[in-house]
Amino acid sequence: MRVAVIGAYGLIGSYVTARLLREGWNVVGVGRGTAAAARRQPRVEWAAADLRRMDPARWRPVIEGAAAVVNCAGALQDSSRDDLEATHVKTVADLIQACGEAGVRRFVQISAAGAPNGVGRFGRTKRAAEQALQASGLDWVILRPVLVIAPAAYGGGALLRGLAAFPGVIPAFRPDSVVQTVAVEDVAEAVVRALDPRAPARVAYDLAAPEPTRLGEVLLALRAWLGLPPARVVAIPPWLARTLGRAADALSALGWRSPMRSATLAQLVAGVRAEDPAEAPAVRLRSLAEVLAQQPSGVQERWFARLYFVKPLALATLAAFWAVSGAIGLLRHAAAARLLSGAGVSGGLAEALVIGGAVCDLMLAALVCARATAPLALRGMILLTGLYLAGASLWAPGLWSDPLGPLVKTLPAAVLALAALAMMDER
């Protein structure tokens, strides 16, 4: 049997895809960029698709011959890379039409907890997608998971791990907020069951573990799971949370998809809970304690959690470092050029080298701020650092005594750039 999975390399989509492959389905995986996904999961037939530019005619060849469509695509907030209206509403409407034309009857929609009464743009678009599906003539099944707990660190789950591993204390906004959980494997199992032609159709299920939990309890459980010493949960003041949310929103314009954006904060205020916690047929939803007990943490989980906030700190430090370096180079270019002239470099060439180096520094500082160009900038920082070190050591060792020279561009800068590059996600 053939099934099309939209958003097949996201958190839920990747587990759904793996589960379907294990069941013997032929999977067509759809995503914006599929090169890395194809390397990770070569058994999938991958189709690249930008949801903002798709229409029924483009969807038709993707789903042709499929017995069902599973839509796992979703976005948290509008940004330079994401359009909630296109991702949540237009995509579903286009797929409904394409399914009707291609003769595909079964449609499984991964929605979100609270979608029927959703607030904010995220909730409203999720609700609109459900309404479009419910008004269609397809055999639809809507699954509404709460906070998804997975072995893989991704999005909000990755943020929770980072907060749980914070040194000394566990910072949290609204730690008393109700945040129910569900295992990603249980969500994938619910999808498989919903694809059975004998399973009920035109039904919706909220997927949540039976016991209610609060955010502070989830963080304490994750810290214990990581094997870290106990720490106290400390509430982040609302003004600080709003400031961090606005900063994350601003960074989204540069392509960074932080889970700390204002949409997340609004969701925490409302709570993440199931409104109708009926389990999907034949699926037992495990508690948070069960899930954590059945997937013990290892050194890689502890490393990731402890280093979670190092990546943004490293990128911010590098941006500031190279910006200051370039600014100093331009402001003091005459003095730096004289040092080069004293080392045997001609005056005109020395001036050009100093100004050119300063411009390169500023360009790298600007490029590292954007998600799309950050990997290129980090590689450039490593290369330029090597050039500065080689030039100073081989041709002008006297420059090491000057604070404006290559002393400020030593090996630690390259190591920090290399570490940041290693932590860059391809998605």
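The values are calculated or read from the model by the stated rules, or taken from the named source; none is laboratory data. Not measured: the values here are computed from a predicted model. Here the Cβ positions follow ideal geometry from the backbone for every residue, glycine too, while neighbour counts run over all protein chains shown. Only protein heavy atoms, including side chains, enter the accessible area calculation; ligands, DNA and RNA are left aside. Shrake-Rupley method; radii C 1.70, N 1.55, O 1.52, S 1.80 Å.
Sequence gap at least 6, Cα distance under 8 Å: using those rules, report the relative contact order of region 45-195 to the nearest whole percent.
21 percent
Two-decimal Rg/Rh of region 164-289 from alpha-carbon positions, Kirkwood Rh?
Rounded to two decimals, Rg/Rh equals 1.05.
Local charge sum around A305 (other residues, Cβ-Cβ under 10 Å, Lys/Arg +1, Asp/Glu -1)?
Net charge in that neighbourhood comes out at +3.
Based on the mean of other beta carbon atoms within 10 Å per residue, what is the order of 308-316, 61-69, most packed first?
My ranking of the peptides, most packed first, is 61-69, 308-316.
Rounded, prolate or oblate: which fits region 138-235 when a ≥ b ≥ c are the square roots of the eigenvalues of the alpha-carbon gyration tensor, with rounded for a/c under 1.5 and prolate only if a/b beats b/c?
It is prolate, given that a/c is not under 1.5 and a/b is the larger ratio.
Would you kindly derive the ³J(HN,Hα) couplings of region 359-367 from the backbone phi angles with the Karplus curve 6.51 cos²θ - 1.76 cosθ + 1.60 (θ = phi - 60°), listing them in order in whole Hz, with x for Gly and Pro?
Rounded to whole hertz, the list is 5, 4, 4, 5, 5, 5, 4, 6, 5.
Going by amide H atoms built from the backbone, whose H comes under 5 Å of the H on R286, apart from near neighbours?
A183
Please give the charge dipole size of region 261-338, origin at the Cα centre, charges +1 on K and R Cβ atoms and -1 on D and E Cβ atoms. Round to the nearest 20 debye.
600 debye
For the chain, what is the charge dipole size about the Cα centre, in debye to the nearest 20, if Lys and Arg each add +1 at the Cβ and Asp and Glu each add -1 at the Cβ?
240 debye
Using each residue's phi in region 131-143, evaluate 6.51 cos²θ - 1.76 cosθ + 1.60 at θ = phi - 60° and report the 3J(HN,Hα) Karplus result to the nearest Hz, with x for Gly and Pro.
Each residue of region 131-143 in turn: 5, 5, 5, 5, 7, 7, x, 7, 8, 9, 9, 10, 10 Hz.
Cα gyration tensor of region 1-148, axes a ≥ b ≥ c as square roots of the eigenvalues: rounded (a/c below 1.5), prolate (a/b > b/c) or oblate?
The shape class here is rounded.
From the Cα trace of the chain, what convex hull volume per residue do you get, rounded to a whole Å³?
Cα convex hull per residue, to the nearest whole number: 157 Å³.
Farthest toward the dipole's positive end in region 155-272, which of V272, P238, A158, given Cβ charges of +1 (Lys, Arg) and -1 (Asp, Glu) about the Cα centre?
The residue sitting most towards the positive pole is P238.
Tally Lys/Arg at +1 and Asp/Glu at -1 over every other residue whose Cβ is under 11 Å from the Cβ of V28; what's the total?
The answer is -1.
To the nearest 20 debye, what is the magnitude of the charge dipole of region 3-157 about its Cα centre, counting +1 on the Cβ of each Lys and Arg and -1 on the Cβ of each Asp and Glu?
Dipole about the Cα centre, nearest 20: 300 debye.
Taking amide H positions as placed 1.01 Å from N in the peptide plane, with prolines and chain starts having none, which residues 5 or more places from V179, or on another chain, fall under 5 Å of its amide H?
Placed amide hydrogens put T213, R214, L215, V272 under 5 Å from V179.
Which whole-number percentage describes the relative contact order of the chain, with Cα contacts under 8 Å and a sequence gap of 6 or more?
Contact order relative to length: 13 percent.
Quick one: Karplus J couplings for region 253-269, per residue in order, coefficients 6.51, -1.76, 1.60, θ = phi - 60°, nearest Hz, x for Gly and Pro?
Running phi through 6.51 cos²θ - 1.76 cosθ + 1.60 with θ = phi - 60° gives 5, 9, x, 7, 10, 6, x, 9, 6, 4, 4, 5, 4, 5, 5, 5, 4 Hz.
Counting only other residues whose beta carbon sits under 15 Å from that of L268, what net charge do I get with K and R as +1, D and E as -1?
+3
State the answer as a single residue: which of A335, V62, S258 lies farthest towards the positive end of the charge dipole of the chain, with beta carbon charges of +1 for Lys and Arg and -1 for Asp and Glu, about the Cα centre.
Positive-most Cα among the choices belongs to A335.
May I ask you to give the solvent-accessible area per residue for the chain, in square angstrom, as obtained with a 1.4 angstrom probe?
Value returned for the chain: 45 Å² of accessible area per residue.
Put a dot 7 Å past each Cα toward the Cβ at R60 and I355; how far apart are the dots in nm?
According to this spin-label approximation, the distance is 5.9 nm.
Please list, in order, the residues from region 174-206 whose amide nitrogen is less than 14 Å from a point placed 7 Å along the Cα→Cβ vector of Q134.
Within reach of a label on Q134, which here means backbone N under 14 Å from a point 7 Å along Cα→Cβ, region 174-206 contributes 202-206.
So what's the back-of-envelope 222 nm ellipticity for the chain, counting only DSSP H runs of four-plus at -39500 (n - 2.57) apiece and dividing by all residues, rounded to 500?
Helix contribution divided over all residues of the chain: -15500 deg cm²/dmol.
Using a 7 Å offset from the Cα along the Cα-to-Cβ direction at both V415 and A35, what is the distance between the two label points in nm, to one decimal?
Here the modelled spin labels are 3.1 nm apart.
Amide H to amide H under 5 Å from W46: which residues, 5+ apart in sequence or cross-chain, H placed 1.01 Å off N in plane?
Hits under the 5 Å cutoff: G29.
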